[in-house]
Amino acid sequence: MLLSDGDILRLLGSGELVIENFHRENLTPNGYDLTIAHISIPSKDAEIEEEKAVIPPMTWFLVGTEEVLSLPDDLACDLWIKTSWARKGVISSFGKIDAGFRGNLTLSAFNASRNELDISIGQKFAQMSLIPLHSRAEKGYADRSGNFQDQRGITIEPRKLI
């Protein structure tokens, strides 16, 4: 079962779910569209936080979301690339956002087309669908691994836990 736009608004209103930099226009009937705040092109040593990035053909790049999430221990999310990007040749494989996760997201993508790709800061890049767990997790993300808990900006390597 996925949460509807109304369910998401109710959770935001109660404070159970937090989406910093929330944009009401990013709500979809069954999810929320995530916005681009940062782009990294590791092969070019390029970090873009203003205006737009030009992604060369056949190039891996990273997107950091503007939204900073705080999920309760009974809510997870699936991530999906917006089909408008897939139609331009962007390939990406996302996973789940674990219950209890806090931070912004770093999304990995690849421009598989033969053309340069213009991506503007502030564009929608991915959609998250929110999925309630049948019961609250015994241990949330922070207690299970927490490698990327409270991350900000683009984060490639998990933090080292002592």
Taking the condition part of a loop (DSSP other than H, G, I, E, B) and either of a type in the set (D, E, K, R) or farther than 17 Å from residue 3 by Cα (or both), does residue 110 pass?
no
How many residues, within region 101-140, are of a type outside the set (Val, Ile, Thr) and under 25 Å from residue 25 (Cα atoms)?
21
Odd one out for residue 46, checked against (1) crowded, with 17+ Cβ neighbours inside 10 Å; (2) of a type outside the set (Phe, Trp, Tyr); (3) without any contact (Cβ under 8 Å) to a residue 12 or more places away in the chain
(1)
Tell me which residues, restricted to region 62-104, are touching a residue at least 60 places away in the same chain (Cβ under 8 Å), in contact with a Leu (Cβ under 7 Å, 6 or more places away or on another chain) and either surrounded by fewer than 17 Cβ atoms within 10 Å (Cβ to Cβ) or of a type in the set (Asp, Glu) (or both).
74
Among the residues of region 108-133, which ones are of a type in the set (S, T, N, Q) and either under 11 Å from residue 39 (Cβ atoms) or touching a Pro at 6+ places or on another chain (Cβ under 8 Å) (or both)?
111, 113, 115, 120, 123
Search result, residues across region 1-41 that are aliphatic (A, V, I, L, M) and assigned to a strand (DSSP E or B):
18, 19, 27, 34, 36, 37, 39, 41
Scope region 28-87; condition more than 25 Å from residue 1 (Cα to Cα) and charged (D, E, K, R); matching residues
44, 45, 47, 49, 50, 51, 52, 66, 87
Can you confirm whether residue 116 is in contact with an Asp or Glu (Cβ under 7 Å, 6 or more places away or on another chain) and acidic (Asp, Glu)?
no
Residues of region 42-74 satisfying the condition of being in a loop (DSSP other than H, G, I, E, B), over 19 Å from the mean Cα position of the chain (by Cα) and at negative phi:
56, 57
State yes or no: is residue 147 surrounded by 13 or more Cβ atoms within 10 Å (Cβ to Cβ), in contact with a Pro (Cβ under 6 Å, 6 or more places away or on another chain) and modelled with pLDDT under 95?
yes
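The values are calculated or read from the model by the stated rules, or taken from the named source; none is laboratory data. All values reported here derive from a predicted model rather than from experimental measurement. As a convention, Cβ positions derive from the backbone with ideal geometry for all residues, glycine included, and neighbour counts pool all protein chains shown.
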